[in-house]
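First up is the structure itself, then whatever we jot down about it.
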Amino acid sequence: MGGEPLTIVQIDAPVDWRESVEGELQGARLGASDRGASVRRSAGGGRFDPQGRAGGAICLDCDALDPLIMAVVIAPMAGGLSYGQGLGLIRAVAARGQIVSFEMLEFTAARDRDGEGARTAAQLLT
């Protein structure tokens, strides 16, 4: 991947992105406080267009998932993405181009006493 541009998809609960990040102007916001139609569009035919790009990179912060399925984060927030919505977003990116990078962040292993959070994370990755 000799310097070709990537499409980066960040899924996070707090909307903490600015209009421009290090000069990059193209981006979409999606998080627990900005869901609804945005989730449906992303899962069913969003604007991810890999043409002219080396591939896609996904950055999934676990706090974007609803605490019913992922409570092992620093600040769980009700109203997050369901398992199906999270998986739908990942599949939508994969259907439009090769996923060349996948980061899963905000997972607090010390809070995962029964291993359920790790199982959910593993299922999303596979």
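The values are calculated or read from the model by the stated rules, or taken from the named source; none is laboratory data. All values reported here derive from a predicted model rather than from experimental measurement. We place every Cβ from the backbone using ideal geometry, glycine too, and count neighbours over all the protein chains shown.
Taking Ala43, is it in a helix (DSSP H, G or I), under 16 Å from Gln123 (Cα atoms), under 13 Å from the mean Cα position of the chain (by Cα) and at pLDDT below 90? The answer is no for Ala43. Each residue in the stretch 57-71 was checked for being of a type in the set (A, V, I, L, M, F, W, C), outside any strand (DSSP E or B) and in contact (Cβ under 8 Å) with a residue 40 or more places away in the chain, and 5 pass.
Only one of the numbered conditions (1) under 12 Å from Ile11 (Cα atoms); (2) in a loop (DSSP other than H, G, I, E, B) is not met by Ile74, and that is (1).
Counting only residues that are free of Cβ contacts under 8 Å to residues at least 40 places away in the same chain and not in a helix (DSSP H, G or I), the stretch 112-126 holds 4 of them.
The set of residues in the stretch 104-116 being farther than 15 Å from Ala13 by Cβ and either loosely packed, with under 11 Cβ neighbours inside 10 Å or out of contact with any helix residue (DSSP H, G or I) (no Cβ under 7 Å at 6 or more places or on another chain) (or both) consists of Ala109, Ala110, Arg111, Arg113, Asp114, Gly115, Glu116.
Arg29 passes every criterion in (1) at pLDDT below 55; (2) charged (D, E, K, R); (3) more than 25 Å from Glu4 (Cβ to Cβ); (4) under 13 Å from the mean Cα position of the chain (by Cα) apart from (3). Just so you know, in the stretch 78-111 the residues that are part of a helix (DSSP H, G or I), of a type in the set (Gly, Ala, Ser) and free of Cβ contacts under 8 Å to residues at least 40 places away in the same chain include one that is farthest from Asp63 (Cα to Cα), and it is Ala95. Among the candidates Ala78, Ala92, the residue that is of a type outside the set (Lys, Arg), surrounded by fewer than 17 Cβ atoms within 10 Å (Cβ to Cβ) and either modelled with pLDDT under 90 or within 12 Å of the chain's Cα centre (by Cα) (or both) is uniquely Ala78.
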